[in-house]
Amino acid sequence: MNPTSVVVNSILQLQRKYSNDGMVPTLEAVNTRIYRDWILKKGIVSSWVDQLDPISQEELALAEDTVRCSPIDGRYQNVIVKDSDTPNTPDDAFRREDVSEPFVTSFSDGSVLGPSGLGIVGERPIADTVSDPWHERRRLEVAIASAGATHGIRSARRRLFSRSSSTCGSISASSTYEAVTPIVPQWKNYFHWTVECLLRVRPLEAYAQHTGIRPTLLIPASPADWMIEGLNAVGWAGHTARLREPAVHASTLVVPSHPEPTPADCQWLQEMFGVADKQGTERIFISRNDATLRRIVNESSVKNVLTEYNIRPVVLSDMTVHEQASLFAQASLIIAPHGAGLTNCVFSTNATVIELYGQKKSTTFQRIAEVNGLKYRRLRCQPQRVDLRVNTNMLEEVIKETITSLEP
């Protein structure tokens, strides 16, 4: 995509952000996109990362105090991992790997950098344990740039590189906790929160049983309602603190891994949200008319096709997380453009997912569908700036084939 298109698309998204959310969230988005991601991350922080020696996932897994959280039962073998960002690959091209079981590692005398929740032990940051090793650098850059954008670039550098003595190595912290675990999504998004943060609570339960230590969860300074609802559902809302300071100190820094969602994770979420026993017969289409990108530009024509097959359009932003969980648990057919709403497939138990996508291919929700035992199909759509145009004839064909395959 050429620079002009990038600028035009960014302006369009910001206009929609302003229309949906108002001035303050739009200015925050501008700050994130321009100052954090372009100026700080690419222009300054990238060179800092070359000077750091992060603690890798492999090193965490081999640490002395690592607690294994579940038996290896074969469900971590040969799974789809992360996204395929390689351009011009076939639609069915993705990687499969064996991934390790979840674990929790703890360190004495650690610190957490706000607002991103970056853990630091001594003078070494902890690589993001939810990312592939080849994505660790990017996430580390985002975490540090977030600190610079929120609390000042000089403050961030001092806390990373200062050799002066303080309460926690090179980090001067204003608050101290006995034991903490940061669960802060680097992108404030329902998918990143649910899969990369909320699911970390499950291995923490095993850790608490094994050690008797129930750490305080450090969450974003201004958590969204759906974040609090999720924490309530899994029983940890009363064990949280908001990460408002530039840095906090932890007598014990507890770091749970979560390399990939597993079948057991999906079952756990279904149980926590009370939808484990529900079976689906409803057919739904997830509308993104209130989103800033990947709207369906010919949605009225799409809805004409949906009506013929008793497929109900829904807007998820009007619903609580529990309502979304119940909706997806009772669905037999789910059609949706690529987007965070498809995260709710973790609550489905017997459904077919048809994902609408544009130029960028992603295995994010194919991965979730597979580990949760769902059928998955995808339909390529015509990109139209930041949106999608659906070929209604192709959509109807896919719907017919899917419904026919579901008939006894």
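Just wondering, is there one or more residues in segment 377-392 that are under 29 Å from Leu12 (Cα atoms), part of a helix (DSSP H, G or I) and free of Cβ contacts under 8 Å to residues at least 24 places away in the same chain?
No, because not a single residue in segment 377-392 is under 29 Å from Leu12 (Cα atoms), part of a helix (DSSP H, G or I) and free of Cβ contacts under 8 Å to residues at least 24 places away in the same chain.
Taking segment 47-57 on its own, how many of its residues are assigned to a helix (DSSP H, G or I) and either at pLDDT below 90 or crowded, with 16+ Cβ neighbours inside 10 Å (or both)?
Residues in segment 47-57 being assigned to a helix (DSSP H, G or I) and either at pLDDT below 90 or crowded, with 16+ Cβ neighbours inside 10 Å (or both): 3 in total.
Determine whether Trp193 is assigned to a helix (DSSP H, G or I), surrounded by fewer than 21 Cβ atoms within 10 Å (Cβ to Cβ) and within 16 Å of the chain's Cα centre (by Cα).
no
Which members of segment 252-269 meet the condition of being in contact with a helix residue (DSSP H, G or I) (Cβ under 6 Å, 6 or more places away or on another chain) and modelled with pLDDT of 85 or more?
Pro256, Asp265, Cys266, Trp268, Leu269
So how many residues does segment 227-238 have that are buried (at least 20 other Cβ atoms within 10 Å of the Cβ) and in contact (Cβ under 8 Å) with a residue 40 or more places away in the chain?
Looking only at that region, the number is 1.
Which residues, counting only those in segment 322-359, are over 17 Å from Leu198 (Cα atoms) and either part of a helix (DSSP H, G or I) or free of Cβ contacts under 8 Å to residues at least 24 places away in the same chain (or both)?
Once the filter is applied, which keeps residues that are over 17 Å from Leu198 (Cα atoms) and either part of a helix (DSSP H, G or I) or free of Cβ contacts under 8 Å to residues at least 24 places away in the same chain (or both), segment 322-359 yields Glu323, Ser326, Leu327, Phe328, Ala329.
Within segment 239-294, which residues are touching a strand residue (DSSP E or B) at 6+ places or on another chain (Cβ under 9 Å) and without any contact (Cβ under 8 Å) to a residue 60 or more places away in the chain?
His239, Thr240, Arg242, Thr281, Glu282, Arg283, Ile284, Phe285, Ile286, Ser287, Arg288, Asn289
Output the number of residues of segment 128-185 satisfying the condition of being of a type in the set (Ser, Thr, Tyr), modelled with pLDDT under 90, crowded, with 23+ Cβ neighbours inside 10 Å and within 13 Å of Ala247 (Cα to Cα).
0
The values are calculated or read from the model by the stated rules, or taken from the named source; none is laboratory data. Please read these numbers as outputs of a predicted model, since none were measured by experiment. All Cβ positions, even for glycine, are placed from backbone atoms using ideal geometry, and neighbour counts span all protein chains on display.
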